Amino acid sequence: MAYLNENYLKLKAGYLFPEIGRRVRAFCDGNPEASKRLIRCGIGDVTEPLPSAVVSAMHRAVDEMGVRDTFKGYGPEQGYEWLRAAIAENDYRAHGLEVADDEVFVSDGSKCDCGAILDILGDQNRMAITDPVYPVYVDTNVMAGHTGEADAAGTYAGIHYLPCTEANGFIPEPPAEAVDVVYLCSPNNPTGAAANRAQLEAWVAYARRHGSLILFDAAYEAYITEPGIPHSIYEVPGARECAIEFRSFSKNGGFTGVRCAFTVVPKTLMARTRGGEARPLHPLWLRRMTTKFNGVSYIVQRGAEALYTAEGKAQVRALVEHYMGNARVLVAGARDAGLKVLGGVNAPYIWVGAPKGVTSWQAFDKILGEANVVITPGSGFGGNGEGWFRVSAFNSRANAEEVARRLKALRW
Ligand code: MLT
């Protein structure tokens, strides 16, 4: 009989969102009437249709695929050159940031890339991960065998947790000791907090001092509204020597179901062998992509390229403004309900403190049972999320307004 990867047996319960889905299904089965008025503000999944610039580009690409002369088979695994160039030019060089076209790797999602990046990193790395956190960073390290068992609170041995609390504004500080790899997500999922320049400078200085690698997840950068909040880690001088950046079209272009994202691996970024020799990570990531991945479909990449046209950019702005309008409605509703609210300014998530003595899952049950709204319990993102819950602003305006009304009407 074959052996299984026992690291999977260390994982706690289900991945958070399937677990929420299971509880919501159970509620709906038991409460068919209430289930008709259910509003989902749990998983951060977009609700608005694709920008028309994307739809037209994808239609054109489908037509090309239907004609012998323009049909395409396998594309380059790391993405078509025209998309890599559009990304590097528009997202980086237009903002004065040095990123070459071939430092951009197009993929089918940031979640996939955040997990896959571990393929090119040594198992002996000491990993630093925030608490609370996007669960993928922790779970993929568990799967890769980088941790011991979890304790009753769900804390894994072998991970260096970076506490994010109300006291530090849910922005992690560099630890006193050296770690090898650090996951940072800004604007943050789940808390909505966004690191300012000084905070990112401190992280880059730390990484350069210790030879650490920063895995910077910027999937929500399009939602930054405040001036002075960096949109890319590469805005900090020196980051090309210590950081990989993940970005996605999921939340700006509405691609959660279409699937397209990218990862930037600068050619100047080095990591060391067991013997202490510094080697670039770029060729390893290229090798990994070309071996384990066959690229994003031509049709989808043409759709992503359309996001960089003048029309596409205006449509992305409108989408982001729509969701951020929802965020403002939700923030006001939760505040009117007397709840403490963070986030919702540079991110489409609002991070709400449950009333004193109410746990995250108790808040989840009450809001589901009485308001028929699905939120995400903060404790599902880590121990420091206990007592908080996340409300996603990805919804129609009418739903956001209704959720705000229902939150206000709740009696705790
Ligand atoms: C979330 O709700 O945290 C996100 O939608 C999950 C994801 O982007 O994978």
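Only the coordinates and a few stated rules stand behind these numbers; no lab work does. From a predicted model like this one, the values you see are computed outputs, not experimental measurements. Positions of Cβ are backbone-derived with ideal geometry, glycine not excepted, and every protein chain shown enters the neighbour counts.
Judged by the mean number of other Cβ atoms found within 10 Å, the most tightly packed of the peptides 238-251, 262-275, 303-316 leads the ranking 238-251, 303-316, 262-275. To the nearest Å, what is the center-to-center distance of segment 293-351 and segment 366-385, using C-alpha atoms only? Cα centroid of segment 293-351 versus Cα centroid of segment 366-385: 21 Å apart. I'd like the distance between the alpha-carbon centres of segment 47-118 and segment 159-182, rounded to an integer number of Å. Using only Cα atoms, the two centres lie 33 Å from each other. Shape call for segment 1-87 from the C-alpha gyration tensor, a ≥ b ≥ c root eigenvalues: rounded (a/c under 1.5), prolate (a/b greater than b/c) or oblate? The shape class here is oblate. Using a ≥ b ≥ c from the Cα gyration tensor of segment 260-412 (square roots of the eigenvalues), is it rounded, prolate or oblate, where a/c under 1.5 gives rounded and otherwise the larger of a/b and b/c decides, a/b for prolate? Oblate, because a/c is 1.5 or more while a/b does not exceed b/c. For the pair residue 314 and residue 210, label points projected 7 Å from Cα toward Cβ lie 4.8 nm apart. Remark on residue 170: its backbone amide H falls under 5 Å from those of 165, a criterion applied only to residues 5 or more positions apart or on other chains, H modelled at 1.01 Å from N. Restriction of the chymotrypsin sites (Phe, Trp or Tyr not before Pro) in segment 49-144 to DSSP coil positions whose beta-carbon has at most 10 other beta-carbons within 10 angstrom yields 71, 74. Got a sec? Charge dipole of the chain, +1 on Cβ for Lys and Arg, -1 for Asp and Glu; which of 220, 154, 399 is way out at the positive end? Towards the positive end, the residue furthest out is 399.
For the pairs 10/267; 12/72; 12/340; 313/366; 10/111; 72/313, flag any whose C-alpha to C-alpha distance is greater than 31 Å. Exceeds cut-off: 10/267; 12/72; 313/366. Legend: helices of the chain (whole DSSP H runs) are marked when their alpha-carbon atoms reach 24 angstrom or more along the helix axis and their mean Kyte-Doolittle hydropathy is at least -0.5; marked are 310-336.
Pairs of Cα atoms in segment 54-309 fall into 5 Å distance bins, from 0 up to the last occupied one, in shares of 1, 6, 13, 18, 19, 17, 12, 7, 4, 2, 1, 0, 0 percent.
Highest mean packing first, where packing is the average number of other Cβ atoms within 10 Å per residue, the peptides 149-156, 385-392, 196-203, 34-41 line up as 385-392, 196-203, 34-41, 149-156.
Express the Stokes-Einstein translational diffusion coefficient of segment 208-272 in µm² s⁻¹, to the nearest whole number, given a Kirkwood radius over alpha-carbon pairs, 4 °C and a viscosity of 1.567 mPa s.
For the chosen part, D equals 100 µm²/s.
For residue 356, the aspartates and glutamates whose Cα falls under 13 Å of its own Cα, not counting residues fewer than eight places away in the same chain, are 386.
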